[in-house]
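As structure tokens, the structure follows; a few thoughts come after it.
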Amino acid sequence: MVAGWTKHGDGKTLAPGEVVRPDERLSWPRMVGFGAQHVIAMFGATFVFPLVMGLDPNVAIMFSGIATILFLLIVQGKVPSYLGTSASFVGGVLAIRSLFGGDTPAVDAIVTGAILVAGLVLALIGVAMHVLGVQVINRIFPPVVTGAVVMLIGFGLAYVVADVYWPQDQWIALITMTVTFVIIVLFRGFIGRIGILLGLVIGFVLSWGADRLFGDITAYNAGTGKVDTHPRVSFDAVASADWIGLPGMHWPDFKVSAVILVLPAVIALVAENVGHVKAVGEMTGTDVNPYMGRAIIGDGVGTVVTSAFGGSPTTTYAENIGVMAATRVYSTAAYYIAAVIAILFGLCPKFGALVAATPGGVLGGITVILYGMIGLLGAKIWIENRVDFSDPVNMVPVGAGIILAIGPVKQMISSDFVLEGIALGTIVVLAGYHLLRAIEGRRGRRPVAAEAGPEGGAAG
């Protein structure tokens with residue numbers, strides 16, 4: 001809590017092995033600097049994913065700050081973390097837009113209504129974990145299932161890159177991807193951790209330069225489904241936007257069929273939060289298990305609040321955990337400062353218009369990396385928990401679910417409701433695993449116990 005902060009060595013450097021703990025702080029000027037670092041670290045993914053989901057990036061940025069403050073209060077300042085936009089909802093949101101008719105205000109409301117319900121479900125899971133212990137979730141979502149869901153969420157979005165973003169400007173997409181590769185790999189410190197943001201900025205500048213040198217581009221327009229000629233970057237909306245004002249918020253609308261499409265993301269968020277909280281515990285040398293449920297409640301509440309006003313779903317951010325590891329400053333004071341800065345950014349419509357001007361080719365180069373990283377984090381969960389794929393109960397439903405998601409395959413449930421892609425794949429993995437495990441148990445074979453909980457999670 002804020003009241004618990006204590007003054008901690010204000011020298012220019014920390015002694016070897018010395019850390020600033022969550023309930024401590026440095027001088028306020030230095031804390032502002034660390035808070036700004038956290039803003040930069042979360043920035044790229046926090047506004048890229050709202051753009052991909054068709055939501056207002058200004059609302060997402062502003063409410064990421066509000067959600068972070070709520071999170072810190074709920075965990076009583078024991079788990080320093082930033083809540084940025086979750087990538088796990090992208091596939092479900094795109095499926096909702098396909099089902100209900102694209103990018104319209106009415107569909108925006110249905111999208112945020114579905115996200116809000118998912119946030120409520122996540123918060124309830126957090127309550128169950130807090131009361132009953134983490135093991136109750138491990139039984140329902142063992143590592144083989146959580147890893148599979150995270151993987152199919154990432155790889156199930158491959159069609160978005162292939163069909164929507166990459167065709168808009170293939171060369172800019174390729175260059176942006178390559179530049180981002182180089183930054184992330186060559187720079188292992190803070191620069192590497194904001195590689196996504198730097199790659200996006202460089203791609204943006206290259207697109208602007210290509211317009212100046214070569215003129216408009218003839219490319220596929222995802223909105224019209226046709227090939228047309230247009231500038232790569234347009235600043236018309238930026239010029240007409242106000243400097244100060246509230247972002248374009250809206251109220252949610254609720255459709256059961258839309259809610260079902262985003263619920264798989266809840267499984268990924270549980271895995272993500274558990275992994276991130278454990279990582280913070282290891283770095284700070286503290287027992288965070290008593291706060292595991294609170295952290296998931298905090299993420300759920302953050303998602304509910306942001307989506308209630310038209311914002312994006314939230315999640316704890318690995319990028320910011322990486323900043324803490326590099327700086328050894330785990331103070332929640334830095335996160336409160338970062339949250340305030342994000343809220344101020346959200347109150348600048350001109351900034352939001354600049355973000356919205358990001359070219360499709362640049363998004364193609366960035367999202368191919370982000371989606372791939374999410375998918376491979378599913379494999380990381382399997383490796384860390386030593387999942388045995390020689391066991392057909394593990395291998396068969398997981399393989400089938402991933403293929404259904406990547407397809408993306410559509411399954412008609414009724415004339416007006418279709419299960420497809422990530423939602424369908426998740427149901428097959430979860431139901432198939434527990435069905436086969438139950439059958440195996442009845443045949444007298446001893447079920448394999450889920451000894452470890454879900455770890456890791458989706459990027460950003």
**Prompt:** How many lysine pairs are close in the stretch 25-442, with Cα atoms under 26 Å apart and the two 8 or more places apart or on different chains?
**Reply:** 4
**Within-10-Å neighbourhood charge of ALA219 [Cβ basis; K, R +1; D, E -1]** = -2
**Prompt:** Measuring from label point to label point, each 7 Å out along Cα→Cβ, what is the GLU440 to ARG139 span in nm?
**Reply:** 1.8 nm
**Request:** Can you tell me how much longer the chain between PHE187 and ALA379 gets when fully stretched, taken as 0.36 nm per residue apart minus their C-alpha distance, in nm with one decimal?
**Result:** 66.7 nm
**Message:** Could you tell me which residue out of ILE267, ILE196, GLY77 lies farthest along the dipole of the chain toward its positive end? Charges go on the beta carbon: Lys and Arg +1, Asp and Glu -1, centred on the Cα centre.
**Reply:** GLY77
**Request:** Taking amide H positions as placed in the peptide plane 1.01 Å from N, state which residues far from GLY84 in sequence (5 or more) or on other chains have amide H under 5 Å from it.
**Result:** THR315, TYR317
**Asked** Around LEU72, what is the net charge, scoring Lys/Arg as +1 and Asp/Glu as -1 over all other residues with Cβ under 14 Å from its Cβ?
**Response** +1
**Message:** Once each part is reduced to its C-alpha centroid, what is the distance from the stretch 357-379 to the stretch 57-90 in angstrom?
**Reply:** 21 Å
**Asked** Expressed in nm to one decimal, what extension gain is obtained for the pair LYS226 and THR286 from 0.36 nm per residue of sequence separation less their Cα-Cα distance?
**Response** 16.0 nm
**Request:** Quote the charge dipole size of the stretch 25-442 about the Cα centre in Debye, to the nearest 20; the model charges only the Cβ of Lys and Arg (+1) and of Asp and Glu (-1).
**Result:** 920 debye
**Prompt:** Label VAL409 and GLN76 with points 7 Å out from Cα along Cα→Cβ: what is the distance between them in nm?
**Reply:** 4.7 nm
**Message:** Students often check this: by mean Cβ neighbours within 10 Å, which of 31-39, 91-99 ranks highest, and how do the rest follow?
**Reply:** 91-99, 31-39
**Prompt:** Taking the structure as given and computing Cα extents along the principal axes in Å, which label from [x] 71, 62, 42; [y] 68, 50, 39; [z] 57, 56, 42 fits?
**Reply:** [x]
**Prompt:** How much length is gained on full extension from LEU246 to VAL127, taking 0.36 nm per residue of separation minus their Cα-Cα distance?
**Reply:** 39.5 nm
**Prompt:** For PHE34, what is the net charge nearby, where nearby means another residue's Cβ is under 11 Å from its Cβ and Lys, Arg count +1, Asp, Glu -1?
**Reply:** +3
**Message:** As I understand it, the dipole of the chain uses +1 on the Cβ of Lys and Arg and -1 on the Cβ of Asp and Glu, about the Cα centre. Which of TRP5, ILE183, GLY311 lies farthest toward its positive end?
**Reply:** TRP5
**Item:** FRET efficiency estimate (nearest 0.05) - Cβ-Cβ, SER98 to VAL396, R0 30 angstrom
**Value:** 0.55
**Prompt:** What FRET efficiency do you get for THR218 and PHE254 if R0 is 45 Å and r is their Cβ-Cβ distance, rounded to the nearest 0.05?
**Reply:** 0.60
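Taken together, the values in this text are just the output of simple stated rules run on the coordinates, not laboratory data. This one's a predicted model, so the numbers in the text were calculated from it and none came from an experiment. Cβ atoms come from the backbone with ideal geometry, glycine included; neighbour counts cover every protein chain shown.
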